[in-house]
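Notes to accompany the following structure.
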Amino acid sequence: MGEDSRELAQFENLASVWGLDAELVFCQKCEWTYLAPKNLMTKPCPHCFHEALAHIEQGLTQFPDLKPPELVMPYEIQAEAVLRGIERFAEGIRFAPADLKADQLIRRLKRVYVPAWLVDVDVQATWELEAGFDYQVVSHQDRYNEIGGGWTSQQVIEGRIRWEPRVGRLTRTYQNISAPAIEDDREIRQNLGAFDRNKAEAYQEAAIKDSFIRLPERETQDAWTDAVPEIHGVASQECLEAAGADHVRSFSWTPKYLNHNWSLLLQPIYTTYYLDDENQPQLVYVHGQSAKISGVRRASMKRAQRLALMILGAAIFMAFLSLVITAIGVVAPPLLVIGGLGLGASVFVGLGALLPLVIAWQFNRNQKGMAK
């Protein structure tokens, strides 16, 4: 059996190992890979929404060894909260695309679990730092009182920090230190905010059976570099507490990491989309715990253009009618004034045709700035 065939057999068995009635599929456009419920596997990709998902057959990308997840964060928000959030997202857009409607976004909602790595690790380290201790200094300042006529002494209390070196050894086991399992983990967190790991539950197949499960694309060795800063932060806080200090600076340590144990955490999001002027899907994320929504809200330049053409047509009609009245004014002079006023008004109306275009362009420009 060739290497690709062995890998494929391994991941064809992945669904049964996880206890799911699902298929291993991927999107040929955005390259997200999923375990998808069999009743949903022919649907468009829940990330880019461009085309139906395809079975992985040959040339399977090398994945980490995937055991069933250790923890799953459940969807906590009620349908009413999602609906209200999506309605707010769709409201207040001048010249909104025809497809940007709350009922459309709700109808297209997909449940997607995105993965993160968790690592348990034993740490042995020597450390040193400068520990800061708050203390107060009492002094007196003499001031001359011009009104009272004389010198007075006033007590002044100053807060200061005394710095002392501290050294020590640390032996700890740190559990469930998180690290990104996908390349766009940071983008998702920046758009939606963090997930509350304290609400995670032990993995049960029933909790995720009707959802798309995105599979990791980062090896644990690669993800380890992102776990180290979190361990460093926790360790420095523990050393501060061990030193009994109010402040700490110049913390350094020489750690040894032993007995890495990796597991998987699944985090809940919803995805949906609307079609823009070019009939391209615009992705919208919904946080599965907080209902926070992230996505680019775009005005439709086509709708703005249609309104601009209608206003311009009205201006042309007004100008034509005014010219007719002006021509009649040759034999009926009072109509010359009306015709002139009409021509002036038609110019202002014609200039007003630019307003919808400016409004839509400015709205989209602001949204691009917010999306960065």
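The values are calculated or read from the model by the stated rules, or taken from the named source; none is laboratory data. Treat the numbers as computed from the prediction; the structure is a model and nothing was measured. Please note: Cβ atoms are built from the backbone with ideal geometry, for glycine as well, and neighbour counts cover all protein chains shown. Calculation scope for accessible area: heavy atoms of the full protein, side chains included, ligands and nucleic acids excluded. Shrake-Rupley method; radii C 1.70, N 1.55, O 1.52, S 1.80 Å.
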Which of the GluC sites (Glu not before Pro) found in region 83-167 are in a DSSP loop and have at most 15 neighbouring Cβ atoms, other than their own, within 10 Å? E91, E146
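How much area per residue is accessible in region 303-372 when the probe is 1.4 Å and only protein heavy atoms are counted (Å²)? Intermediate values should be presented prior to the final figure.
Values: 4800 Å² over 70 residues.
Per residue, region 303-372 has an accessible area of 69 Å².
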What does the accessible area per residue of region 118-239 come to in Å², with a 1.4 Å probe and no ligands, DNA or RNA counted? 61 Å²
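Which entries in K67/K199; K67/K256; K256/K292; K67/K209; K67/K292 show an alpha-carbon gap greater than 28 Å?
The answer is K256/K292; K67/K292.
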Can you tell me the order of 213-224, 234-245 when each peptide is scored by its average per-residue count of other Cβ atoms within 10 angstrom, highest first? 213-224, 234-245
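Within the chain, what whole-number % of the accessible surface is contributed by carbon and sulfur, with the 1.4 Å probe and all protein chains included in the calculation?
About 53 percent, which is the carbon plus sulfur part of the accessible surface.
Helix hunt in the chain: which complete DSSP H runs extend at least 27 Å axially by C-alpha with mean Kyte-Doolittle at least 0.0?
301-328, 334-352
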Quote the relative contact order of region 276-319 in percent (integer), defining contacts as alpha-carbon pairs under 8 Å separated by 6+ residues. 29 percent
Output the peptides 14-24, 320-330 sorted from most to least packed, where packing is the average of other Cβ atoms within 10 Å over each peptide's residues. 14-24, 320-330
If you stretched the chain out fully between D184 and K199, how much longer would it get, using 0.36 nm times the residue separation minus the C-alpha to C-alpha distance? 3.1 nm
Of the candidate values [x] -0.58; [y] -0.39; [z] -0.66, the one computed for log10 I(q)/I(0) by the Debye sum over Cα atoms at q = 0.08 Å⁻¹ from this structure is [z]
Compute the distance from the alpha-carbon center of region 342-365 to that of region 161-228, in whole Å. 52 Å
The chain - percent relative contact order, Cα under 8 Å, separation 6 or more: 22 percent
Only helical DSSP H runs with n ≥ 4 go in: add -39500 (n - 2.57) per run for the chain, normalise by residue count and round the 222 nm mean residue ellipticity to 500 deg cm²/dmol. -11500 deg cm²/dmol
